[in-house]
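Asks: Supplied in structure tokens, the structure appears directly below.
The values are calculated or read from the model by the stated rules, or taken from the named source; none is laboratory data. Source: prediction; values computed, not measured. Every residue, glycine as well, gets a Cβ built from its backbone with ideal geometry; the counts of neighbours run over all protein chains shown.
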Amino acid sequence: MSDSIICQFYTKIGACRHGEKCSRKHTRPSHSHTIILTNLYRPQDLGNQLDEAKKKDQEFENFYKDIFVESSLIGQVEDLVVCENENDHLNGNVYVKFAKEEDALRARDNFSSRWYNGRPVYCELSPVSHFKDAICRQHETKSCERGGMCNFMHSKAVPRDLQRQLILSQRKFRS
């Protein structure tokens, strides 16, 4: 099979704006270190005032913590990315990269039979192996001209102290 018929966006990002209608092939992996929880993060509309912004930040941190902890109960989490793009194929997607492929498989099976915030969880293995290639570099510098409609991941910022706390607690749990 020629590389010209494989969708490079799906391979690199784990999602394609054309979805099932794409003229190129989306090869779903049978094994991977990474899972995708499709459109899982749905922030509540809390308004635009400063108080509301703080509530949104707290809501996101609680969500991030929840997903990280649930994932780390299955296996060692190496990375967790939440997309804040506005387009349908990336909006709210959560990518979790595990240290071991077998943990990603178990996580897929575990999450696929669950509900979150009153909605079913849609989880599958993702072809994404390097988030560095999938994340929009311009978004990181707040200079992406495509805004929320960009086809690369716009990773929602996570406070460093929260990340550090979760990594340390995971290490303690696993030791």
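Asks: Give Asp133, Asp109 a once-over and let me know the one that is part of a helix (DSSP H, G or I), at pLDDT below 95, of a type outside the set (Lys, Arg) and over 21 Å from Asp161 (Cα atoms).
Replies: None of the other options fit; the residue is Asp133.
Asks: Another question, if that's okay. What residue, of Ser32, Ser71, is surrounded by 13 or more Cβ atoms within 10 Å (Cβ to Cβ), in a helix (DSSP H, G or I) and either at pLDDT 90 or above or among the aromatic types (Phe, Trp, Tyr) (or both)?
Replies: Ser71
Asks: Could I ask something else about it? Looking only at the range 145-174, filter to residues that are under 19 Å from the mean Cα position of the chain (by Cα) and free of Cβ contacts under 8 Å to residues at least 24 places away in the same chain; which one of those is nearest to Asn91 (Cα to Cα)?
Replies: Ala157
Residue-wise test of (1) touching a helix residue (DSSP H, G or I) at 6+ places or on another chain (Cβ under 8 Å); (2) buried (at least 17 other Cβ atoms within 10 Å of the Cβ); (3) closer than 25 Å to Gly75 by Cα.
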| position | (1), (2), (3) |
| --- | --- |
| Asn117 | no, no, yes |
| Tyr122 | yes, no, yes |
| Ser129 | no, no, yes |
| Met149 | no, no, no |
| Arg160 | no, no, yes |
| Leu166 | yes, yes, yes |
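Asks: Right, something else. Here's a check for you: in the range 139-166, which residue that is touching an Asp or Glu at 6+ places or on another chain (Cβ under 7 Å) and in a helix (DSSP H, G or I) is nearest to Arg42 (Cα to Cα)?
Replies: Here the residue is Gly148.
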